[in-house]
1. Which value in nm describes the separation of the simple spin-label points at Y43 and A84, placed 7 Å from the Cα toward the beta carbon?
2. Under the rule of at least 5 residues apart or a separate chain, name every residue whose amide H is placed under 5 Å from the amide H of V88.
3. Suppose the chain between E21 and K125 were pulled fully straight at 0.36 nm per residue; how much longer would it get relative to their current alpha carbon spacing?
4. Which entry is the computed Kirkwood radius over Cα pairs in Å for this structure: [x] 17.4; [y] 23.0; [z] 15.7?
5. Tell me the label-point distance for the pair Q61, A148, using the 7 Å Cα-to-Cβ offset, in nm and rounded to one decimal.
6. Skipping prolines and chain starts, which residues have an amide H placed within reach, meaning under 5 Å, of the one on F13, given they are 5 or more residues away or on another chain?
7. Could you pull out every residue, at least 5 positions away or on a different chain, whose amide H is within less than 5 Å of the one on T115? Hs are placed 1.01 Å off N in the peptide plane, and Pro or chain starts have none.
8. How many percent of DSSP beta bridges within the chain run antiparallel, rounded to 5?
Amino acid sequence: MNTLPLGTPAPAFTATTLSGETLSSTGLEAGPVAICFSLPDVYAGRLVVGYLRRLKEQAPQAAVVVILQGDEAAVRRYAEGYLANLLVVHDADLALSRAYRATHVPTIYYLEEGTIKLAFTGFVKSALNKLAELAAAATGAKAKELIAPSDNKGEYELAERGLA
């Protein structure tokens, strides 16, 4: 796995969200944060982001940041249509992706107080459920399984088929 080591400080960054807000790692240190690096057209990334939307509903005090690579028009189209309640950054020059070793997408980090507590690449149900467990513990939210064993579809794919 090509992620930064657990227990180490996450790289500091300042970025502008698609909505024009300044986002800094320092401002995110107050609470737990999930960061997902992805591309709008990568199926596994869409699945992960769908479950991170669910995480935001289960643990509202946790920040969820989606850092999207790729074409700006595709990034905006994806974000505007689906990511309204999340912080979204377009990583046009890939500087954030490089800093976090996000050479494959999706790459997901879970941070508490600026320290990497969980890191993984790909759509990994057990890791996403662990992320939800950690976020619930950190925020005092009720711990809920993010992905049931029989759940094989993300919200985005179900919505595309008119099933959500």
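1. 2.8 nm
2. Answer set, sorted by chain and number: L18, S19, V66.
3. Working: separation 104, 0.36 × 104 = 37.44 nm, distance 3.13 nm.
Stretched fully, the E21-K125 segment lengthens by 34.3 nm.
4. Answer by label: [z].
5. 2.8 nm
6. Amide H to amide H, under 5 Å and 5 or more residues apart or across chains, F13 pairs with S25, T26.
7. Residues meeting the criterion, in which the H sits 1.01 Å from N, are A10.
8. Details: 16 of 26 bridges.
Beta bridges within the chain, antiparallel portion: roughly 60 percent.
Read the figures in this text as sums done on the coordinates, not as results from a lab. The structure presented is a predicted model; accordingly, all values stated were derived computationally and were not measured. Cβ sites come from the backbone with ideal geometry, for glycine too, and all protein chains shown count toward neighbours.
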